[in-house]
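Reading through the structure tokens given below for one structure.
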Amino acid sequence: MSEIALQSVSKSFGNVDVINDISLTVGSGELVVFLGPSGSGKSTLLRMIAGLETIDKGKLLIAGKESQRLAPGQRNVAMVFQNYALYPHMTVRENMAFGLKNVKMAPKEIERRVNDAARILEMDALLDRRPSQLSGGQRQRVAIGRAIVKEPAAFLFDEPLSNLDAALRVRTRVELAELHQRINTTMIYVTHDQTEAMTLADRIVVLNDCKIEQIGSPMEVYTYPASRFVAGFIGSPVMNFLKVEMSGSGESAVATLGDGSRVPLTITVPQAGRYELGIRPESVRVQAGEGDTSGLAKVVEHLGDRTLVYVELKDGSLITAQDGGRSQVAPGDTVSLKFDISQLHLFDQGGKAYHAH
């Protein structure tokens, strides 16, 4: 068992709260991603689990053992940092073995663990090279290997791909997903990159302003965002948000856009009034003939399999719509837009979400 549980943990630096009464359980063998913008508290929360930051209030349990007062080396977790922090004068083998030698592990056991980690990471041929002879992706694999040889209860990744270029990030992200499938060990991964979160996570913990906004599978947080913040943070291109006036309720609910267009909804809200309507670009389609609204195409982006059309409505609102890969829409064209009403969301003044049903 390698479950990690946080129970009402808080952390402050002086008068500044950086983690505010967070409770969370990461299941044994689960890969959970902490996702949020800079300053949301995600790295601090990871460092609290690792023992690199103290926990002011609350409890931390690792594999059922209360651990908030244990030294980092006693918590049976291994951390992989954004900076590889490899010793340049040592070979890959020596870098991976260094921590084990420091705790006086038997040489044969060290050799076994290093060879096993090298096999898992498919870098047997790199063991006698030095860091200067490796690519950025290979150096990151060495840093991961240095964590694997400890055979910890859990791995903690603090934005490990940030130093890699775009192509290497994609390749290394796939390697990390395969690694988790092979070793099936608990992993917590911190990132501000939603693509990494969506592709790697069993569950995503969305953090904002020192608190958890939502916890769920990647498709749960994408399809049913709990708040205006989550809806705007998850998804690329970002969700469209339009000011609307709600009238009616249940099956007779109607949202009136700023340009006067009326869109029927299948969303139940507590009361009529002003809301923000949210809809993702792939749920707004350019179509021939009459649609739910229309506007002027300002920018057209051809992406091969699809085309994004940035449309200005009659009231000046901007909305991103999607068309086919062979779209004939050009800037300056008037286009009709059709909403998929099953994919609409409403957000009240406090940012709470209401979804189509």
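The packing ranking, built from the mean of other Cβ atoms within 10 Å per residue, places the peptides 176-188, 127-139 in the order 176-188, 127-139, highest first. If you take every residue apart from residue 27 with its C-beta less than 9 Å away from the C-beta of residue 27, what net charge results, scoring Lys and Arg +1 and Asp and Glu -1? Residues close to residue 27 contribute a combined charge of -2. Cα-based radius of gyration for the chain, normalised by 2.2 N^0.38 Å, reads 1.20. Subtracting the Cα-Cα distance of residue 352 and residue 151 from their residue separation scaled by 0.36 nm leaves 68.1 nm.
Calculate how steeply helix 136-148 sits against the longest principal axis of the alpha-carbon atoms of the chain, using the helix alpha-carbon long axis, and give the answer as 0 to 90 degrees to the nearest 10. The angle comes out at about 60 degrees.
3J(HN,Hα) couplings calculated from phi for the range 289-297 with the Karplus curve 6.51 cos²θ - 1.76 cosθ + 1.60 (θ = phi - 60°) are, in sequence order, x, 6, x, 7, 7, 8, x, 9, 5 Hz; Gly and Pro show x.
All other residues whose Cβ lies under 11 angstrom from that of residue 201 are scored, Lys and Arg at +1 and Asp and Glu at -1, for a net of -3.
In summary, the convex hull built on the alpha carbon positions of the range 92-244 has an orientation-averaged projected area of 11.1 nm². Taking a Cβ cut-off of under 11 Å around residue 76, the surrounding Lys, Arg, Asp and Glu residues balance to a net charge of +2, with basic ones at +1 and acidic ones at -1. Separation of the alpha carbons by more than 18 angstrom is noted, of 59/211; 57/211; 57/150, for 57/150.
Taking all Cα pairs closer than 8 Å and separated by 6 or more residues, the relative contact order of the range 4-231 comes to 29 percent.
Rounded if a/c is under 1.5, else prolate if a/b beats b/c, else oblate: with a ≥ b ≥ c from the C-alpha gyration tensor eigenvalues square-rooted, which is the range 127-169? All intermediate terms of the calculation are to be shown ahead of the outcome.
Numbers: a/c = 3.30, a/b = 1.21, b/c = 2.72.
Here the range 127-169 falls in the oblate category.
Bridging of residue 104 to aspartates and glutamates at a Cα separation below 15 Å is possible for 94, once same-chain residues fewer than 8 apart are set aside.
With viscosity set to 1.002 mPa s and temperature to 20 °C, compute the Stokes-Einstein D of the range 206-333, Rh being the Kirkwood radius across alpha carbon pairs; µm²/s, no decimals. Taking Rh from Cα pairs, D becomes 133 µm²/s. Spin-label pair residue 128-residue 112: with each label point 7 Å from Cα along the Cα-Cβ axis, the two points sit 2.5 nm from one another. Residues in the range 221-227 carry Karplus couplings, in order, of 6, 6, 7, 10, x, 7, 8 Hz; the curve used is 6.51 cos²θ - 1.76 cosθ + 1.60 with θ = phi - 60°, and Gly or Pro positions show x. Residue-wise HN-Hα couplings along the range 308-314, as the Karplus relation 6.51 cos²θ - 1.76 cosθ + 1.60 with θ = phi - 60° gives them from phi, are 9, 10, 9, 10, 9, 6, 5 Hz; Gly and Pro carry x.
No lab work stands behind these numbers, since they all come straight from the coordinates. As the structure is a prediction and not an experimental result, all values here were calculated from the model. Ideal geometry is used to build each Cβ from the backbone, glycine not excepted, and the neighbour counts take in all protein chains shown.
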